[in-house]
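First the structure, in the form of structure tokens, and then the observations on it.
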């Protein structure tokens, strides 16, 4: 792990950001230590910018469930009209 002061980091941030892809990098400022961790950036399909939809696994799961629903398998929505329906639904989980 490479640890640098905030002054050294500020002098050459590109170097340390590129280094963080290969190894752990931390920036020390006073008594605080800040870790730099890279994360891949994905296209966010949410108009509101909800980060949940930036994860491609969540989008793939939604597309899979929509496909199953169109095929009539494994419906997404369960219609519960009575207390007996609710009890049966909860017992099936």
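We did not get these values from a lab; they are worked out from the coordinates using the rules stated. Since the structure is predicted, the reported quantities are computational estimates derived from the model, not experimental observations. Cβ placement follows ideal geometry from the backbone for every residue including glycine, while neighbour counts extend to all protein chains displayed.
Values computed for the structure shown
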| quantity | calculated |
| --- | --- |
| By average C-beta atoms within 10 angstrom, highest first, the peptides 15-22, 78-85 | 15-22, 78-85 |
| Within the chain, helix-based [θ] at 222 nm, where runs of 4 or more DSSP H residues each add -39,500 (n - 2.57), nearest 500 | -13000 deg cm²/dmol |
| Antiparallel bridge percentage (DSSP; both residues within the chain; nearest 5) | 55 percent |
| Cα-based helix-to-principal-axis angle, 13-22 vs the chain, degrees rounded to 10 | 60 degrees |
| Folded to 0 to 90 degrees: helix 56-70 orientation relative to the chain principal axis, Cα | 10 degrees |
| Normalised contact order of the chain, rounded percent, pairs of Cα under 8 Å and 6 or more residues apart | 15 percent |
| Top of 72, 49, 30 by mean-square fluctuation, Gaussian network on the chain, Cα under 10 Å | 30 |
| Candidates 23, 43, 63, ranked by Gaussian network fluctuation over the chain, Cα under 10 Å, top entry | 23 |
